[in-house]
Amino acid sequence: MGELLATYNVWGAFWVNIELTFFSAIGALILGTFVAILRIAPSAPLRAAGTAYGNIVRNTPLTLIILGCWLVLWGQLGVNVSKDLKTNNFWMAVIGLSVYTAAFVCESLRSGFNTVPVGQAEAARSIGLDFRQTVSLVVLPQAFRGAIAPLGNTLIALTKNSTVAAAASVLQASTVMQQMIEFSPDQGLAIFMVIALGFVIIVFPMGVIFTYLSKRLKVAR
């Protein structure tokens, strides 16, 4: 195992996975929250748009979404986030991961919305708050508290899904693993242990933190 770590840039590869997870999580949270609000909007077309987004994206392979960002946004439309090809590939992968994960963030928040009593929204409307104010001031803060656990699961899934960024030619853990298997096939068990241990080190603290937050911030009924 020590020879593998000395030969291959495993730590650097896992750091790319962490960066992918961090930036994609921010994008997915913003987009997913917006889609979740559409799902409870008073307008039927807006609700239909939110529902369509969630159903279509959740049933589309992540690899296809990332390839679509890479081939369509960059290859056909010429969208360049950076002049550097490596950096541009990274951000295309972030966009793809954000779009895909947002659908699951939306579903997580929907579970949070279900924890908010209907009377809360009715009381907000009775004192003159409009839909935007009701959602932002009353419903959404409670929904986030009720959705901490599923949001944590979504973040963990995103961390593991970051390996699919290889579809956009992003060098990260799965790419390094392929290199190790190709050039050091006699160390299969050690390669498995290195990659598995790396993801355990990243994911395990997330589970602990979100479990704690879920218990600490849950809404008492």
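The values are calculated or read from the model by the stated rules, or taken from the named source; none is laboratory data. Quick caveat, the model's predicted, so the values are computed rather than measured. Backbone-built Cβ (ideal geometry, glycine too); neighbour counts: all protein chains shown. Accessible surface is based on the protein model in full, side chains and every heavy atom, while ligands, DNA and RNA are left aside. Shrake-Rupley method; radii C 1.70, N 1.55, O 1.52, S 1.80 Å.
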Check: What's the extension gain from Leu64 to Met193 if we count 0.36 nm per residue and subtract their Cα-Cα distance?
Finding: 43.6 nm
Next item on the list: Let me know the shape class of region 96-190, please: from the alpha-carbon gyration tensor, a ≥ b ≥ c as square roots of the eigenvalues, rounded when a/c is under 1.5, otherwise prolate if a/b is greater than b/c, or oblate.
Entry: prolate
Check: Using the per-residue mean of other Cβ atoms lying within 10 Å as a proxy for protection, in what order, highest first, do the peptides 3-12, 155-164 fall?
Finding: 155-164, 3-12
Checklist line | q = 0.18 Å⁻¹, region 13-77: log10 I(q)/I(0) [Debye, one scatterer per Cα] | finding: -0.86
Check: Which order do Phe104, Phe183 take when ranked by solvent-accessible area (1.4 Å probe, heavy atoms of all protein chains), largest first?
Finding: Phe183, Phe104
Note to self: Can you tell me how the chain classifies by the Cα gyration tensor, rounded, prolate or oblate, using a/c under 1.5 as the rounded cut?
What the structure shows: oblate
Notebook entry, point to check: Ranked by accessible surface with a 1.4 Å probe, highest first, in what order do Arg125, Arg47 come?
Noted result: Arg125, Arg47
Margin query: I'd like the accessible area for Val118: 1.4 Å probe, protein heavy atoms, all chains in place, Å² to the nearest 10.
Written below: 100 Å²
Margin query: Tell me the net charge near Ile202. Cut-off is 15 Å between Cβ atoms, Ile202 excluded, with +1 for each Lys or Arg and -1 for each Asp or Glu.
Written below: 0
Checklist line | Kyte-Doolittle mean at least -1.0, axial Cα span of 24 Å or more - DSSP H helices of the chain | finding: 10-39, 85-113, 188-217
